[in-house]
């Protein structure tokens with residue numbers, strides 16, 4: 001056979017990593033569909049009925065490419081945030097936009113700072129462009145803004161990543177602490193502020209940031225509270241020059257026309273968003289009660305999930321996640337110690353929460369037996 | 001104000017290019033909606049009604065991420081092509097997949113070969129990763145496989161791009177000529193065979209290529225004959241190791257769940273595809289007659305568009321495209337001489353073809369007057 005294609009040295013060195021295994025992959029392996037899908041922080045409450053209707057209507061027009069400028073959606077988002085549309089970048093989910101951002105800024109060897117145990121897909125992109133990741137430990141189950149800034153200064157990082165609220169712990173920093181972090185950033189370090197979970201956070205979580213401030217780019221998504229994970233729409237808010245830079249590398253015709261229509265309807269239906277946020281708050285409380293009833297401790301959460309301290313170590317929590325999966329409940333867990341003593345459970349409808357609780361005692365017993373037996 | 005983010009030297013040097021201006025951008029500028037949308041080789045005939053139905057159904061489930069493995073779609077495509085699913089890579093349109101491929105293979109300074117006037121988005125990706133493009137002229141309004149291979153050998157190119165059928169001319173090479181091209185490829189050059197328009201090509205156009213052959217990657221799409229441009233689904237067929245390599249860089253959760261459902265329904269509805277292909281063939285004939293009636297010459301086409309020689313130069317053709325736009329007809333044209341003597345008109349329904357013909361005499365007169373006046 002002929003010689004294989006010649007990958008770049010960087011690509012040749014990359015592992016064929018998958019940042020997350022999807023629930024469908026697990027379902028195919030087990031031959032059973034999950035009863036409750038609570039592992040990916042999707043919104044079981046669904047998207048706005050208006051968004052569903054808009055997408056169904058747009059399906060018939062799917063023969064047309066989506067508007068490469070996502071003009072109407074960008075206008076609506078700009079109005080919603082009270083900024084000029086030139087500050088808005090629409091893309092294929094935060095994952096897609098993070099990839100473009102890293103590509104714009106990170107060349108092989110460039111330093112990037114994040115927390116050890118924070119969003120793996122960001123790390124996937126940094127590694128994919130040859131960046132060098134410097135990780136700071138969590139402090140008290142939350143990201144540590146001061147330590148992140150110090151590490152950025154120490155390493156000359158081009159990017160420092162922080163999610164607020166945080167995934168996978170659910171912790172929240174108040175706006176003032178993020179504003180102080182921005183003020184303390186070393187010159188030439190861009191704060192990647194992932195606000196995927198901002199819609200379910202307490203009032204006062206989103207910092208006031210001048211849209212012209214070149215030190216911060218914030219990311220928002222329709223995948224969480226808006227219930228449109230499967231539509232792949234995220235956006236960034238940042239200074240105009242950086243927003244314009246995305247045009248250098250983005251997939252200009254990459255947005256689904258149907259998804260554009262769904263996101264536009266979703267942003268216009270703030271009543272549905274408020275409804276979902278209320279449901280999420282109720283589910284978080286219920287998850288706290290369930291945790292307590294079964295000897296676990298719920299961490300405080302400003303997200304659409306609750307991270308529960310299972311009281312032992314990562315080996316036990318992994319066994320618990322596995323036992324829950326066998327019982328038809330899809331949940332995930334933090335990857336890194338000491339947060340890997342926890343499991344992470346998405347907010348769901350009362351029936352989802354009940355299914356989780358019904359499976360929990362058996363799963364806890366199974367996990368305990370396996371850990372003891374191992 | 002603080003210092004701007006530090007782009008990589010490569011990113012800093014890139015222009016904020018937009019490969020194509022979308023028709024919506026033109027409509028916003030003019031304040032009028034196009035009567036006939038015949039410029040982007042979309043399928044005015046629409047997607048399969050079953051695909052529309054599947055997407056409308058999937059819209060309600062858009063709260064779930066799409067399966068990151070696109071398992072069901074990949075299985076269906078593999079069965080359709082009689083290959084193992086390990087040879088199939090599903091992605092966000094051919095544009096998205098071309099970006100991943102270029103990223104895997106092209107480092108700054110690496111040579112890539114294409115035709116002068118071929119698909120600009122491929123060039124956008126190559127430039128975006130710092131590759132050096134070597135261009136070969138068209139010969140007789142068609143890409144020149146032998147010259148492309150010779151240039152690849154001369155430059156040590158990692159990639160050589162060829163679309164068959166070709167965009168923007170519509171020309172077709174028979175399978176044997178592509179097979180000969182593969183056989184003549186220099187060692188270490190990968191043929192990027194863009195078969196976006198294969199569904200409307202004459203039988204015998206698609207070459208027989210061993211799916212294990214590491215010298216070729218072929219691209220297919222749901223954006224053309226399948227009528228799903230707005231859904232963003234394309235796929236590649238290639239040797240297993242290269243297919244696996246895409247996992248190193250792709251946006252694993254980048255596929256819209258709705259689009260996956262639409263594409264799956266489309267690949268299962270070959271009757272609709274056959275119906276569209278027949279409509280396209282009829283429209284091509286009609287476009288040939290229209291061209292002849294108005295003093296132009298239609299180039300032979302195996303695509304869902306007809307490229308028409310307007311009989312003069314690029315200045316005239318550009319004026320004609322502009323005059324047609326003013327008359328509500330969206331068409332495009334080749335960018336590079338001598339093909340830029342032509343305009344490119346997508347196949348459409350009888351009413352679209354009629355609208356085009358109705359606008360043509362006035363537009364030809366306007367263009368002639370403007371060129372004379374200029």
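The values are calculated or read from the model by the stated rules, or taken from the named source; none is laboratory data. Model, not experiment: these values are computed from the prediction. Positions of Cβ are generated from backbone atoms using ideal geometry, with glycine treated the same way; all protein chains shown enter the neighbour counts.
Quick test for you: out of A:250, A:240, A:218, A:284, pick the one residue that is closer than 24 Å to residue A:171 by Cβ and not assigned by TED's automatic domain parsing to the domain that holds residue A:37.
The conditions single out A:218.
Are any residues in the range B:216-250 at the interface with another protein chain (Cβ under 7 Å from one of its Cβ atoms) and crowded, with 24+ Cβ neighbours inside 10 Å, and if so, which ones? Step through it out loud before you land on a result.
Going residue by residue through the range B:216-250, those that are at the interface with another protein chain (Cβ under 7 Å from one of its Cβ atoms) are B:227-232, B:241-242, B:244-245, B:247-249.
B:227, B:228, B:229, B:230, B:231, B:232, B:245 - these are the residues of the range B:216-250 that are at the interface with another protein chain (Cβ under 7 Å from one of its Cβ atoms) and crowded, with 24+ Cβ neighbours inside 10 Å.
Do we have residue B:33 as more than 30 Å from residue A:209 (Cα to Cα) and buried (at least 22 other Cβ atoms within 10 Å of the Cβ) here?
No.
Can you say whether residue A:109 is in a loop (DSSP other than H, G, I, E, B), touching a helix residue (DSSP H, G or I) at 6+ places or on another chain (Cβ under 6 Å) and more than 7 Å from chain B (Cβ to nearest Cβ), as far as the supplied structure shows?
no
Restrict the check to the range B:180-191 and report whether at least one residue is closer than 18 Å to residue B:100 by Cβ and assigned by TED's automatic domain parsing to the domain that holds residue B:58.
yes
Could you identify the single residue in A:207, A:211 that is more than 8 Å from every other protein chain (Cβ to nearest Cβ), part of a loop (DSSP other than H, G, I, E, B) and within 21 Å of the chain's Cα centre (by Cα)?
Being more than 8 Å from every other protein chain (Cβ to nearest Cβ), part of a loop (DSSP other than H, G, I, E, B) and within 21 Å of the chain's Cα centre (by Cα) holds for just one of A:207, A:211, which is A:207.
State whether one or more residues within the range B:72-90 are under 21 Å from residue A:96 (Cα atoms) and either within 9 Å of another protein chain (Cβ to nearest Cβ) or without any contact (Cβ under 8 Å) to a residue 40 or more places away in the chain (or both).
no
Which of the residues that make up the range B:22-40 are more than 7 Å from chain A (Cβ to nearest Cβ) and closer than 27 Å to residue A:230 by Cα?
Of everything in the range B:22-40, just one residue is more than 7 Å from chain A (Cβ to nearest Cβ) and closer than 27 Å to residue A:230 by Cα, namely B:23.
Test residue A:60 against the stated conditions and say whether it is within 11 Å of chain B (Cβ to nearest Cβ), more than 24 Å from the chain's Cα centre (by Cα), crowded, with 20+ Cβ neighbours inside 10 Å and at pLDDT 95 or above.
So residue A:60 fails the test.
Residues of the range A:120-142 being in a loop (DSSP other than H, G, I, E, B), away from chain B (no Cβ under 12 Å) and crowded, with 21+ Cβ neighbours inside 10 Å, which ones?
Restricting attention to the range A:120-142, the residues satisfying the condition of being in a loop (DSSP other than H, G, I, E, B) are A:129-131, A:137-138, A:140-141.
This time we only want the ones that are away from chain B (no Cβ under 12 Å), so: A:137-138, A:140-141.
The one that is in a loop (DSSP other than H, G, I, E, B), away from chain B (no Cβ under 12 Å) and crowded, with 21+ Cβ neighbours inside 10 Å: A:138.
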